[in-house]
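One structure is given below, encoded as structure tokens.
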Amino acid sequence: MSGFVLHLQSVTGYLRVEGVTSFIGADDLGSFGILPQRAPFMTRLSFGLARYLLADGTYRFVALQGAVLYFRGGELTVSTQRFVEGKSYGEVHEALVRELAAEEGSCAH
């Protein structure tokens, strides 16, 4: 099975990931998966955690504040206000805690 390219983009960053073999997310209707040969697809992702599988068999996790997802021609684009990506749920959780603490600190001044 050939992979596809994932583009994660936000106001604060961009990440391009090649060799993605599946993406699992959720919209208002529930969880769904995207495989490389999928027909064109567009939806609005719910607030929460998504994950994707790489060709080497490892998962990566992405926390999103909601997003627009568009898949076409071997390219998956996820556009969101902000995302946090990491190797594990724990890594993503820790990054979110750090970001929230930094935001709270900057708002206190």
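A few notes on this one:
- Prolate/oblate/rounded label for segment 12-70 (Cα gyration tensor, a/c 1.5): oblate
- 222 nm mean residue ellipticity, helices alone, for the chain (DSSP H n ≥ 4; -39,500 (n - 2.57); rounded to 500): -6000 deg cm²/dmol
- Cut-off 18 Å, label 7 Å out along Cα→Cβ of ARG98, residues of segment 61-89 by amide N: 61-64, 82-89
- When the chain is treated as a GNM with alpha-carbon contacts under 10 Å, the residue of ALA50, ALA39, ALA67 showing the greatest mean-square fluctuation is ALA39.
- Angle of helix 89-107 to the longest C-alpha principal axis of the chain, folded into 0 to 90 degrees and rounded to 10: 40°.
- Cα coordinate range in the chain, projected on the principal axes (Å, largest first): 51, 27, 24
Rule-based calculations on the coordinates, nothing more; no lab input. Quick caveat, the model's predicted, so the values are computed rather than measured. In this analysis, Cβ positions are derived from the backbone assuming ideal geometry, glycine residues included, and neighbour counts consider all displayed protein chains.
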